[in-house]
Each structure stands twice: as structure tokens, then as C-alpha cells.
């Protein structure tokens with residue numbers, strides 16, 4: 001079934017230029033309307049109850065995104081939140097997901113990628129990340145696997161080798 005009404009967005013970011021740019025881009029698409037916009041966590045939390053947004057987009061210029069995510073989860077647990085971030089540290093990105101972000105996009109992504117992330121989150125998907133964020137997470141996973149155990153690593157002056165071992169019972 002095709003959605004008739006526009007998707008209501010709540011957008012919050014501490015950078016006014018980014019906030020204005022996001023509003024203009026989404027409104028130009030025709031599928032979206034801006035239900036509320038905020039420049040600070042306090043302003044966001046004050047407006048969120050009346051806004052009745054379908055999706056909340058928060059930028060990392062708001063400050064501690066983990067605290068904002070927790071507050072949003074407490075007040076509006078069913079409204080999906082997408083984080084727009086400049087972070088690329090996998091631990092930080094995973095912490096955002098654990099704090100309640102259903103989607104994460106990079107500030108370096110094209111805005112169409114942020115739009116796709118929002119669409120996927122609206123469809124009910126969780127743990128949605130943009131391609132760039134997925135690349136950060138995948139590159140780190142591969143590096144962690146390689147660093148986890150190196151069969152030919154030299155530890156001090158002791159060289160280790162991995163050999164198959166089978167126990168006879």
C-alpha cells in the first residue's frame with residue numbers, strides 16, 4: 001500500500017547551516033515535511049512531544065548523542081532515530097546503535113544515502129547503516145580478525161606457530 005501522507009521528520013543538529021540544508025533537501029523531495037527542527041538537545045526534547053514525527057534525525061553536533069538517544073528512547077520508544085555523524089570509530093558507532101539509533105549515516109555521505117537510510121528505518125529495519133559506515137565497520141572487523149591471532153607472530157623473543165592438534169581418547 002502506498003503512503004499518501006508525507007513522512008514527518010524531526011531534525012536536530014547544533015550547526016544551523018547543516019540544519020537548514022537538511023530541511024531544504026528533504027522538503028524538496030516532496031515525500032517529506034519537517035515537523036520540527038531543533039538546535040540543541042533541550043530544544044529537541046521540548047518540541048518532540050508535539051511534533052509527532054515519523055523519524056527523528058539527529059546530528060552529532062548536538063553534543064553527547066548517546067545521552068540524547070537515551071532520552072529519546074525513554075520518551076518515544078517507537079519513533080525511529082537516525083544519527084548523522086562524522087564518527088568513524090567502530091566502537092562509537094556500535095555504542096550509538098546500542099543506545100537506540102536504528103540508523104546511522106555519515107556526514108560525508110551523499111544526502112540521498114541519508115534518505116535511503118531513513119526509508120529503510122521507516123520500513124521497520126533496525127541496525128541500518130549507510131554504505132560508508134558499513135565500510136568503516138567492515139574494515140575494522142577484518143583488521144580485528146587479523147590481529148586477534150597471528151600464527152607467525154613474534155612475541156618478545158618467542159616465535160609461535162599454530163599446528164593442528166587432535167586428541168586421542
Checklist (1) assigned to a strand (DSSP E or B); (2) out of contact with any helix residue (DSSP H, G or I) (no Cβ under 6 Å at 6 or more places or on another chain) applied to residue 77, failing item | (1)
Scope the stretch 26-57; condition over 19 Å from residue 118 (Cα atoms), in contact with a helix residue (DSSP H, G or I) (Cβ under 9 Å, 6 or more places away or on another chain) and part of a helix (DSSP H, G or I); matching residues = 41, 45, 49
Please enumerate the residues belonging to the stretch 9-22 that are surrounded by fewer than 16 Cβ atoms within 10 Å (Cβ to Cβ) and out of contact with any helix residue (DSSP H, G or I) (no Cβ under 6 Å at 6 or more places or on another chain).
-> 16, 17, 18, 20, 21
Within the bounds of the stretch 60-74, is there any residue that is touching a residue at least 24 places away in the same chain (Cβ under 8 Å), more than 17 Å from the chain's Cα centre (by Cα) and surrounded by fewer than 13 Cβ atoms within 10 Å (Cβ to Cβ)?
-> no
What number of residues within the stretch 1-14 satisfy the criterion of being in a loop (DSSP other than H, G, I, E, B) and under 18 Å from the mean Cα position of the chain (by Cα)?
-> 2
Evaluate the following for residue 30: is it surrounded by fewer than 16 Cβ atoms within 10 Å (Cβ to Cβ), modelled with pLDDT under 90 and over 23 Å from residue 78 (Cα atoms)?
-> yes
Residue list for the stretch 97-118, filter: closer than 17 Å to residue 53 by Cβ and assigned to a helix (DSSP H, G or I) | 114, 115, 117, 118
Any residue in the stretch 77-94 that is farther than 24 Å from residue 136 by Cα and crowded, with 16+ Cβ neighbours inside 10 Å?
-> yes
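The values are calculated or read from the model by the stated rules, or taken from the named source; none is laboratory data. Keep in mind the model is a prediction, meaning the values are calculated, not measured. Cβ coordinates were reconstructed from backbone atoms using ideal geometry, including for glycine residues, and neighbour counts include every protein chain displayed.
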